[in-house]
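A short write-up of the structure that comes next.
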Amino acid sequence: MVGYTHHILQCGHNHQPVFRREVDYREYLMEMEELKFRLQVQVQGWCLFPERAHLLVSPMRSTRALGEFIKELAGRHTRHFNARYQHAGTPWGGRYRCSLVEPGPWQLACVRYLELLPVYQGLVSAPRQYPWSSYTMRLGGTDRDWLDRDAHYLSLDRDRILRRSLYRDYIAQGIDPKEREFIEAAVRRGQLTGSREFVDKVEALTGQRILFRGPGRPKKNK
């Protein structure tokens, strides 16, 4: 859906690595930056692991742009990967998974989920220590900044410095286990991430019945 955030999960074939060296991550991010501008797709967050990629993206031009973005990004990475490692075929495993995210608190909850994943997986003790997520760019720690901030993140405060401080506090709260489980299940099943009211709205817009009912709102900032 145009203008809505989509949580994308794309995994390596048989959970094999798709990122082996630092150059693999860097090239993937460079290609993503170029494609987001050309295809008019906002990139609101990411977290890359050796065997998979999580993205938060929003097509702004057309619904087809999202599929084009993921397909071309995966294809470019495949060409780099195969040339570097003398690999044949795609390192990606089948079709990507996608969850439509409700605007508002659920958007920010998904951003937090992505940027805390390296901590929950025991790779680092703090999100700022992990180089392959959007956390550092979000908080102004990179020379280039092409990350799109969603409206709910921007509403934390009008002042950029205070907004970053509030987001650090939000991150420090961690993720409620049920909230984390819900976000993970939604993307792996290709279902909606949001409230019951959002499910009803999407059903009305698409004319399709959605059986999976989500919880209420994610926990608010303290």
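All of the numbers you see were taken from the coordinates with simple rules; none came from a lab. As the structure is a prediction and not an experimental result, all values here were calculated from the model. Reconstructed Cβ throughout: ideal geometry from the backbone, glycine too, with neighbour counts over all protein chains shown.
In region 39-153, a dipole from Cβ-located charges (positive for Lys and Arg, negative for Asp and Glu) runs towards its positive end, and of Gly140, Gln107, Asn82 it is Asn82 whose Cα lies farthest in that direction. Around Tyr167, what is the net charge, scoring Lys/Arg as +1 and Asp/Glu as -1 over all other residues with Cβ under 11 Å from its Cβ? Neighbour charge sum, excluding Tyr167 itself: +4. Compactness of the chain is given as radius of gyration and Dmax, 17.0, 51 Å, from Cα positions.
Taking R0 as 30 Å, what's the FRET efficiency between Asp169 and Lys201 from their Cβ-Cβ distance, rounded to 0.05?
0.50
What translational diffusion coefficient, to the nearest whole µm²/s, does region 112-181 have by Stokes-Einstein, given a Kirkwood radius computed over alpha-carbon pairs, a temperature of 20 °C and 1.002 mPa s viscosity? Present the calculation step by step, with values, prior to reporting the outcome.
Working: Rh = 12.9 Å.
Rounded to a whole number, D works out at 167 µm²/s.
For the pair Lys178 and His152, label points projected 7 Å from Cα toward Cβ lie 1.7 nm apart.
Between Arg26 and Val124, what FRET efficiency follows from the Cβ-Cβ distance if R0 is 22 Å, with the result rounded to 0.05? So, using R0 = 22 Å, E works out to roughly 0.75. Note on region 110-151: semi-axes of the ellipsoid equivalent to its C-alpha gyration tensor, largest first and rounded to whole Å, are 19, 13, 6.
The distance between label points at His13 and Asp145 comes to 4.0 nm (points 7 Å beyond Cα on the Cα→Cβ vector). Only helices enter this figure: runs of n ≥ 4 DSSP H residues, each worth -39500 (n - 2.57), summed and divided by the residues of the chain, yield -14500 deg cm²/dmol at 222 nm to the nearest 500. Report note on the peptides 69-79, 96-106: ranked by the mean count of other C-beta atoms within 10 Å, highest first, their order is 96-106, 69-79. Dividing the Cα radius of gyration of region 1-109 by its Kirkwood radius returns 0.97 for Rg/Rh.
Length gained on full extension, Leu162 to His87, computed as 0.36 nm times the residue gap minus the Cα-Cα distance: 22.3 nm. Rounded to the nearest 20 debye, the dipole size of the chain about its Cα centre is 220 debye, using +1 on the Cβ of Lys and Arg and -1 on the Cβ of Asp and Glu. Distance from the Cα centroid of region 21-39 to that of region 112-173 is 19 Å (rounded to whole angstrom).
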